[in-house]
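Notes follow the structure.
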Amino acid sequence: VVNPDDVCKEDGADALRLYELFMGPLEDGNEWDDSGVAGTRRFLDRVWRIMVKEDGSLADKITSDDGEDKDLERALHSAIKKVTEAIDSLRFNTAISEMMVFANEATKAKALPKAWAREFVKILSPFAPHVAEELWAKLGEQPSLLDVDWPKYDEAKLAVDTITLAVQVMGKLRGTIEVAADVSK
């Protein structure tokens with residue numbers, strides 16, 4: 001038996017909540033794994049480090065200008081879309097997975113526009129409400145996340161500019177090439 005009080009003291013209530021939702025579809029009934037809670041805690045720590053410096057101020061990566069990183073913007077809109085759909089279908093594990101994908105892209109990015117950080121915090125809030133409220137306040141936002149609208153994704157932002165095509169000769173892969181997504185046959 002796992003005592004949730006002990007897990008909350010060790011890793012926090014949000015990490016526990018995230019792990020329970022990340023374990024898989026609710027109807028599958030999965031086995032508990034202590035290292036899983038530590039994994040969701042690392043994810044929350046990563047999200048925190050993306051947005052907040054050690055001294056508690058906003059990270060240098062957070063900018064007030066419009067974003068120019070198409071891959072990061074695509075990842076954000078993809079996360080909003082997939083998290084929204086996953087919540088509707090009660091597939092919380094896929095929602096959390098998509099947020100992890102965005103966090104990985106944000107970690108690699110040179111800058112994260114504040115507007116995009118706000119949208120991400122909104123989709124994080126049902127899963128990690130305590131961390132999300134703290135991040136919301138750090139971003140200088142009022143009122144509480146409970147009083148803001150759910151973000152909307154832009155289908156046009158989900159489109160990719162290039163695609164990777166396989167080059168085969170006599171059925172054997174010889175390489176790949178990047179081409180414009182709208183290239184003719």
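The values are calculated or read from the model by the stated rules, or taken from the named source; none is laboratory data. Because the structure is predicted, anything quoted here is derived from the model rather than measured. Glycine gets a Cβ as well: all are built from the backbone with ideal geometry, and neighbour counts include every protein chain shown. Heads up: the accessible areas ignore ligands, DNA and RNA and are worked out on the full protein's heavy atoms, side chains in. Shrake-Rupley method; radii C 1.70, N 1.55, O 1.52, S 1.80 Å.
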Open item on the list: One residue is enough: does the stretch 85-93 have a residue meeting the conditions open to solvent by less than 20 Å² (accessible area, probe 1.4 Å) and without any contact (Cβ under 8 Å) to a residue 40 or more places away in the chain?
Closed with: yes
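Conditions tested, residue by residue: (1) surrounded by fewer than 17 Cβ atoms within 10 Å (Cβ to Cβ); (2) touching a helix residue (DSSP H, G or I) at 6+ places or on another chain (Cβ under 8 Å); (3) at pLDDT 95 or above.
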residue: L18; (1), (2), (3): no, yes, no
residue: L21; (1), (2), (3): no, yes, no
residue: E27; (1), (2), (3): yes, no, no
residue: R41; (1), (2), (3): no, yes, no
residue: L44; (1), (2), (3): no, yes, yes
residue: M51; (1), (2), (3): no, yes, yes
residue: D60; (1), (2), (3): yes, no, no
Open item on the list: K70 - would you say it is open to solvent by 20 Å² or more (accessible area, probe 1.4 Å) and without any contact (Cβ under 8 Å) to a residue 40 or more places away in the chain?
Closed with: no
Open item on the list: As an exercise: evaluate D14 against (1) under 20 Å from K138 (Cβ atoms); (2) open to solvent by 20 Å² or more (accessible area, probe 1.4 Å); (3) of a type in the set (D, E) and give the number of the one condition it does not meet.
Closed with: (2)
Task: Filter result for L165 (over 18 Å from the mean Cα position of the chain (by Cα) and more than 24 Å from R74 (Cα to Cα)) - done: no
Open item on the list: Any residue in the stretch 1-19 that is on the phi < 0 side of the Ramachandran plot sitting within a Cβ distance under 7 Å of a residue that is small (G, A, S)? List the pairs, counting only those 6 or more apart or interchain.
Closed with: D11/A38; D14/A128; R17/A128; L18/A128; Y19/G36
